[in-house]
Structures are given as C-alpha cells and as structure tokens.
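K.L.:
Quick one: the structure is below, and I'll ask about it shortly.
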C-alpha cells in the first residue's frame, strides 16, 4: 500500500460521506478497496450509537456469511434502559455480549487500539474471540475512533470497529499501521451519514413526518406558514373554542 492508495481511499470516503452513501455500502466499499490493495482483511464489523426512540445504535458487517444481514440495529445496553424496556431477552443478551467485549474494556481503560493473535491461549479472554477463531480468523484488531467532547451527541461518542484476517501469519506491522491511519477517515464518513439519519429520525419522531420534513427542507423562518400548517392550526383553535357539549356531539 502506497501513498496513492491512501489518497484515493480517503478521497472516496470523503465523497461517500458527502453523498450520504448508506453505511453498509461505505463499509463494504472500504473493505473491498483495502483487500484489492493487499490488506488481507477477511472480516470486519463497525458500530455507532445513535439517538433513536427504540434502538441504541447500528452495526455494520462485512465478510460474514451472505445469508447474514450486513446491518443490525441493537437495543439498549445500560441497566436503566433494560429495566425500562422490561428486560427484553434479546436486549439482555446483547448487553451481556457488549460487557464481555474488547471494546467495552477499552472504554473502561481509555484505550483506542487492542490486538490479539487468535489461538488457544487467547481465545477465552473475550467471548467474541472463539467465534472469530472458529471462522478461521488468526488475528483480531479492535479500534475506537473517539469523537472530541464537542462532537459527542448523547451516547454517540465514537465509531467502534473490529478487523480480522485469515492469513496464517496474521497482520504485519505495516498493515496494522495502515489500518490505524485509514480507519479514522472511515469513521468520519460513517459519522456524517449517521448524523443525517439521526436528525431525520428525531424530526419525524418529535415533530411528525410532515412537519419534520418541512423543517429539514428549510422551512424554519419565523412567520413562514404552509397551508397545511394553517389548516392544522385552524382545526386546533376550533377544538379549543368548542364547549365540552359541542365536542361530545361531534
């Protein structure tokens, strides 16, 4: 991998983020380009938290069985959120897997990079490692691309990713250096697309689909009212003016 590769890949990621390319397409495009350049990736996953009334975040996968979906939306993982949802079994299982993951430990220690060669001596360290080893992976890398404090929104504090190879020798030092260098560009593209989706979701959730779409289209100038807004306002005023008896008759 030479400078031309890094320049072209970073440019492609920039264009993908600006074009709001779906995250799954960004992840697969990134991995395919890395493999073509000689980086022996065999499997990767990437996830990012969001602000959503139901889901805590979204996870994107590459290199898995074609029958497995490349996108998963996961539920709440904190104890308070699990209690509020009635301890849904699926959410509880995901939360337990999260607390047994390398990324969770990295959050506790403040690390941003973690690596293990997958063998009998290391596979019991975290629950995910024997699963990846069973699929033929020999080297596992976890990376957290953290956002600065000013860029954190709710639980969206970074992009979490994992990378693995089937090469018997694992990743070389140069390949690890390449991952460390280019993954932040991938994280920025994913953050850009995820933020746009999150804003649309919040607008539709708290303002309604029509009102949310009007806001997102730029109808935010004070005094600018659409016909549908006026009709809705007239209907509300009519209800407020009506007596309880009149309302019952309706």
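K.L.:
May I ask you to list the residues in the range 136-145 that are in contact with a strand residue (DSSP E or B) (Cβ under 7 Å, 6 or more places away or on another chain) and either surrounded by fewer than 14 Cβ atoms within 10 Å (Cβ to Cβ) or assigned to a loop (DSSP other than H, G, I, E, B) (or both)?
P.N.:
Passing the criteria: 137, 138.
K.L.:
Related question: With the requirement that a residue be farther than 10 Å from residue 189 by Cα and crowded, with 17+ Cβ neighbours inside 10 Å, what does the range 13-32 give you?
P.N.:
28, 29, 30, 31
K.L.:
Oh, and also: Assuming residue 149 fulfils every condition listed in (1) crowded, with 20+ Cβ neighbours inside 10 Å; (2) more than 24 Å from residue 25 (Cβ to Cβ) apart from one, which condition is it?
P.N.:
For residue 149, the exception is condition (1).
K.L.:
Determine, yes or no, whether residue 51 is surrounded by 12 or more Cβ atoms within 10 Å (Cβ to Cβ), touching a helix residue (DSSP H, G or I) at 6+ places or on another chain (Cβ under 7 Å) and modelled with pLDDT of 95 or more.
P.N.:
Taking the combined requirement at face value, the residue does not satisfy it.
K.L.:
Residues in the range 18-35: is at least one closer than 21 Å to residue 140 by Cβ, at pLDDT 95 or above and more than 22 Å from the chain's Cα centre (by Cα)?
P.N.:
Scanning the range 18-35, I find at least one residue that is closer than 21 Å to residue 140 by Cβ, at pLDDT 95 or above and more than 22 Å from the chain's Cα centre (by Cα), so the answer is yes.
K.L.:
Name the single residue that is nearest to residue 128 (Cα to Cα) among those in the range 56-80 being modelled with pLDDT under 70 and surrounded by 14 or more Cβ atoms within 10 Å (Cβ to Cβ).
P.N.:
Residue satisfying both the conditions and the ranking: 77.
K.L.:
Quick check: anything in the range 95-107 more than 20 Å from residue 190 (Cβ to Cβ), at pLDDT below 90, in contact with a helix residue (DSSP H, G or I) (Cβ under 6 Å, 6 or more places away or on another chain) and not in a helix (DSSP H, G or I)?
P.N.:
No.
K.L.:
May I ask you to list pairs of residues, at least six apart or on different chains, whose Cβ atoms are under 6 Å apart, with the first in the range 21-34 being part of a helix (DSSP H, G or I) and the second being at pLDDT below 95 and surrounded by 16 or more Cβ atoms within 10 Å (Cβ to Cβ)?
P.N.:
Listed pairs, sorted by first residue: 23/193; 24/70.
K.L.:
If we keep just the residues of the range 108-135 that are at pLDDT 95 or above, under 20 Å from the mean Cα position of the chain (by Cα) and not in a loop (DSSP other than H, G, I, E, B), which is surrounded by the most Cβ atoms within 10 Å (Cβ to Cβ)?
P.N.:
The residue in question is 114.
The values are calculated or read from the model by the stated rules, or taken from the named source; none is laboratory data. Since this is a predicted model, take the numbers as computed values, not measurements. No Cβ is skipped: glycine too gets one built from the backbone with ideal geometry, and neighbour counts run over all protein chains shown.
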